[in-house]
Amino acid sequence: MFGFHYKLERKAIGFVIAIIIAASIGGIVEIAPLFTIEGTVEDVPDMRVYTPLELAGRNIYVREGCYACHSQMIRSLSDEVERYGPYSLAVESKYDHPMLWGSKRTGPDLARLGDKYSDEWHVRHLNNPRDVVPESVMPRYGWLLRTPLKVEDMSGHLAVLAKLGVPYSQEMIDNAPSDAIGQAQPDRDEAGGVAERYGDATNIRVFDGNPSRVTEMDAVVAYLQILGKLTDAAHRQQDAEIPGDAS
Amino acid sequence: MVLNLTRSERQGAMIVAVLLSLVGLVMTLFGADGYFSTHGFIIMLAGMGTVFLVGRGYDAPEPSDERLAHYYDDPVKAGVILAMFWAVFAMFVGDWVAWLLAYPDMTFDAAWASFGRLRPVHTTGVIFGFGGNALIATSFYVMQRTCRARLPDQLSPWFVILGYNLFCILSVSGYFMGITQSKEYAEAEWYADIWLVVVWVVYFLLYLRTLQRRNEPHIYVANWYYLAFIVVVAMLHIVNNLALPVSWFGAKSYTIYSGVQDAMIQWWYGHNAVAFFLTSGFLGMMYYFLPKRANRPIFSYRLSIISFWGITFSYIWVGSHHLHYTALPHWVQTLGVTFSIILLVPSWASAGNALLTLNGAWDKVRDDATLRFMMVAAVFYGLTTFEGSFMAIRPVNSLSHYTDWTVAHVHAGTLGWVSMISYGAFYAMVPWIWKQKKMFSPRLVEVHFWLSVAGTFIYVFAMWNSGIIQGLMWRTYNDVGTLSYSFIDSMVAMHPYYIARAFGGFLFLLGACVGLYNIWKTMKVRTPAMVSDPSRPLPVAGVAAGSVEAGE
Ligand code: HEM
Ligand code: HEM
């Protein structure tokens, strides 16, 4: 073996090829099957997509680095299930490009945040967390309330995601900017199409407390309120298992 | 630097710089959003700055052939200085971020200064800015010496080092503005990623071309590690960053992977960034500078073969230990644990090889802070890898994951190992390349050493404590069978540890400032050139040997 190596280390190209082979095997064995083995991602018919407003909110969540302090992945451990809710399933992030599972919980997990608090709580909390939780170390996000939401390019966003496999229809893509406005301004005409395209369960309301314009706060709160609500699969799974035996 | 380039190299530099300016101009003018245009503008400035610089020396006489009798160290010098600047900048941001977790309002009501944006500035600044420049600079130095060959040309090393720093600037300025893919350690957007690929290919070819010119039959161990670093980082970077931009003139893109596959690919990347960036590359550094400084041969050549291939083969499997108990299929998690434990063998073989090399030179370790930096680095490498293998075990990880324990592990590795080995290598190399007998102030090296050691210990112990407390509080049940502590309770309990950590980090940052000052002063000393580089001379026929450094 050492004799062979003695020869190998005289050949630069040979050495590089050996490195590539050694460093490829593990990745191929572990990753390729994730795309092919059925059951890696559960098959769930009621899984829905993000509306344009929620997607915009998600992009702001990414932009501000909320994922650096918040996970969105409840592990299958009993204390986590007790604290946050049913453990996360793969299907729940099926349409997440990229996933936001996170690796650090400076703040609590947000995977099942939807409907936990009122919109108003979120707006006050994001504006200054210490107004509602005095000890909080979360940053303030006052500018979300001040910044109007940019919606003109939303069609482009949906179109790219559709190319990557998220089931957005052509109609959803074409109407994305007006759907984004409509979802946060229920009194306007644009609101009509949102429920039609995304389902009656969609939250259509003024999220940031200000009906006269659509801000980044509207988008972020709309996104936070949908977390864990894209499908009921996790709750169904929990009901099917013996309660408490989550690991 | 331009004066040492030949005519055709100056032409080449000019062409590259003009092209870069044009690309920048087009991006600025046609950018679909302000972000993209801003980055275009930065690229244009970089290009035009280079045009100006090269233009100024363009007509100067060509350098004499005498230069070919020396190793080409100008880009090494630039890399060392850049690395130290990045270290100070990014550790300053790191410490700021640390204070923010204790006093969250230590910021302005400005988006760019919020925790979520500063944190990737810190991680990218230290890993890629400081670590990357240190690796590129030392690799240029080491490959020439161990091959006894000069770099094949003088343009491509400059392209690599400056192009790489342009990538770092694009990434970091992007995070301040909120341009990010959110993939940890790969946050830079698609166009910056493409640029890095270009730079990296040139780097790889430069390495191969130097190896092909070598006057030594064997490729020395250090080069195996640098090669693995270059090749595998390219693989990881390309696969993990595949994305589709919303517009070819806009910053935002969507990764082509989603959900569980994205998570696995992200951590396949993430942990191997640790492996091939923060480990392999720095092991290469260690395998050259530690024996050189101690003036002893590496303890065991066979051990280095085993550990090299062990590390290269096993690391790739372990990414899934970041995803225990998640929605990732169980079989992948099991493979991750298994290889994480196997990995301890080659890791400790490397650390042991380094420490045993010092056997018989302990008096030097005692007297020489530079060598002590490297010794402590090897110890921390051993410690971090042991801790890592331990944390990869599923029940342990159930406690440590998501907590500050991970942060403790990270900084034991990055402060104790990555930074210390870099400082050791720099303090050895700086006098050699600037032709000095020693550093400007050996006492300040000593000061830097103790600041670093103290800072690391305070940081790591604070985070071990807070991490374990956090993990335990989250899972403690009371007699009634409900959870004892709210999340807020655990957050409040962290406060004193966060202050301690920020203080430890401050000491470490102070050390980096001392290091920068000392290196700067060494560089500026104007005594007659000392013959101090202990490397063997270039075997160039027909050139007076007097100008070449003394042999070993
Ligand atoms: C002055 C010294 C430093 C200080 C004060 C510091 C501080 C910090 C802080 C506060 C965080 C965020 C932790 C959290 O989110 O809870 C962090 C993360 C991180 N730092 Fe540092 N740091 C320092 C030096 C370094 C160096 C030299 C490196 C690498 C070479 C490094 C690499 C990292 C990495 C990789 C993370 C992300 C950890 C994770 O995601 O788990 N740091 N640092
Ligand atoms: C045998 C070697 C090693 C093993 C098995 C190992 C294992 C681990 C494990 C289990 C985690 C925690 C994952 C989680 O719960 O999220 C982790 C995180 C980490 N380790 Fe290591 N480690 C090793 C060596 C190192 C070294 C030498 C360094 C640095 C120079 C390092 C840097 C990191 C970083 C930066 C993270 C944080 C990733 C993140 O969450 O952002 N590791 N490692």
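Key figures
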quantity	calculated
Meets criteria (touching a residue at least 40 places away in the same chain (Cβ under 8 Å), outside any helix (DSSP H, G or I) and either more than 14 Å from chain A (Cβ to nearest Cβ) or crowded, with 18+ Cβ neighbours inside 10 Å (or both)) for B:A60	yes
Of all residues in the range A:53-92 being of a type in the set (S, T, N, Q) and within 16 Å of ligand 2 (Cβ to nearest atom), the one that is nearest to the chain's Cα centre (by Cα)	A:Q72
Residue that is within 12 Å of ligand 2 (Cβ to nearest atom) and crowded, with 24+ Cβ neighbours inside 10 Å, where the choices are B:F276, B:F289	B:F276
Of all residues in the range B:376-401 being free of Cβ contacts under 8 Å to residues at least 12 places away in the same chain and within 14 Å of chain A (Cβ to nearest Cβ), the one that is farthest from ligand 2 (Cβ to nearest atom)	B:P395
Selection count where residues are over 17 Å from the mean Cα position of the chain (by Cα) and crowded, with 22+ Cβ neighbours inside 10 Å, scope the range A:27-52	1
Qualifying residue in the range B:352-361 (condition: facing chain A (nearest Cβ under 9 Å), more than 30 Å from B:T476 (Cα to Cα) and among the aliphatic types (A, V, I, L, M))	no
Any chance B:F373 is within 11 Å of chain A (Cβ to nearest Cβ), within 16 Å of ligand 2 (Cβ to nearest atom), in a helix (DSSP H, G or I) and modelled with pLDDT of 95 or more	no
Any helices (runs of 4 or more DSSP H) falling wholly within the range B:70-178 and containing at least 2 residues that are touching a residue at least 12 places away in the same chain (Cβ under 8 Å) and charged (D, E, K, R)	B:74-102, B:115-124
Flag for B:V88 being more than 16 Å from ligand 1 (Cβ to nearest atom), hydrophobic (A, V, I, L, M, F, W, C) and either closer than 30 Å to B:V407 by Cβ or at pLDDT 95 or above (or both)	no
Residue within the range B:380-388 that is under 19 Å from B:M463 (Cβ atoms), touching a helix residue (DSSP H, G or I) at 6+ places or on another chain (Cβ under 8 Å), within 11 Å of ligand 1 (Cβ to nearest atom) and acidic (D, E) present	no
Selection within the range B:354-376 - within 23 Å of B:I306 (Cβ to Cβ), surrounded by 15 or more Cβ atoms within 10 Å (Cβ to Cβ) and small (G, A, S)	B:A354
Among the candidates B:W112, B:W99, residue that is surrounded by fewer than 20 Cβ atoms within 10 Å (Cβ to Cβ) and near ligand 1 (Cβ under 9 Å from one of its atoms)	B:W99
Subset of the range A:76-134 (residues that are more than 8 Å from every other protein chain (Cβ to nearest Cβ), without any contact (Cβ under 8 Å) to a residue 24 or more places away in the chain and of a type in the set (G, A, S))	A:S118
Residue, farthest from the other protein chains (Cβ to nearest Cβ), within the range A:154-166, restricted to residues that are touching a helix residue (DSSP H, G or I) at 6+ places or on another chain (Cβ under 9 Å) and without any contact (Cβ under 8 Å) to a residue 12 or more places away in the chain	A:A162
Condition check for B:Y517: facing chain A (nearest Cβ under 10 Å), of a type in the set (S, T, Y) and in contact (Cβ under 8 Å) with a residue 40 or more places away in the chain	no
Failed item, numbered, when B:V337 is tested on (1) more than 7 Å from chain A (Cβ to nearest Cβ); (2) farther than 30 Å from B:I219 by Cβ; (3) within 16 Å of ligand 1 (Cβ to nearest atom)	(3)
A:V62 vs. criteria under 21 Å from B:I265 (Cβ atoms), touching a Gly at 6+ places or on another chain (Cβ under 9 Å) and in a helix (DSSP H, G or I)	yes
Yes/no for B:G467 being buried (at least 17 other Cβ atoms within 10 Å of the Cβ), small (G, A, S) and near ligand 1 (Cβ under 10 Å from one of its atoms)	yes
Some residue of the range A:74-87 being of a type in the set (K, R), crowded, with 18+ Cβ neighbours inside 10 Å, modelled with pLDDT of 95 or more and under 21 Å from A:M172 (Cα atoms)	no
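Conditions tested, residue by residue: (1) modelled with pLDDT of 95 or more; (2) exposed (fewer than 15 other Cβ atoms within 10 Å of the Cβ); (3) in a loop (DSSP other than H, G, I, E, B).
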| residue | (1), (2), (3) |
| --- | --- |
| A:P108 | yes, no, yes |
| A:E120 | yes, yes, no |
| A:L126 | yes, no, no |
| A:E152 | no, yes, yes |
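Yes or no, residue by residue, for (1) within 14 Å of another protein chain (Cβ to nearest Cβ); (2) within 12 Å of ligand 1 (Cβ to nearest atom); (3) out of contact with any helix residue (DSSP H, G or I) (no Cβ under 8 Å at 6 or more places or on another chain):
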position: B:T124; (1), (2), (3): yes, yes, no
position: B:F130; (1), (2), (3): no, yes, no
position: B:I136; (1), (2), (3): no, no, no
position: B:Q154; (1), (2), (3): no, no, no
position: B:G174; (1), (2), (3): yes, no, no
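The values are calculated or read from the model by the stated rules, or taken from the named source; none is laboratory data. All of these numbers come straight from a predicted model, not from anything done at the bench. Cβ atoms come from the backbone with ideal geometry, glycine included; neighbour counts cover every protein chain shown.
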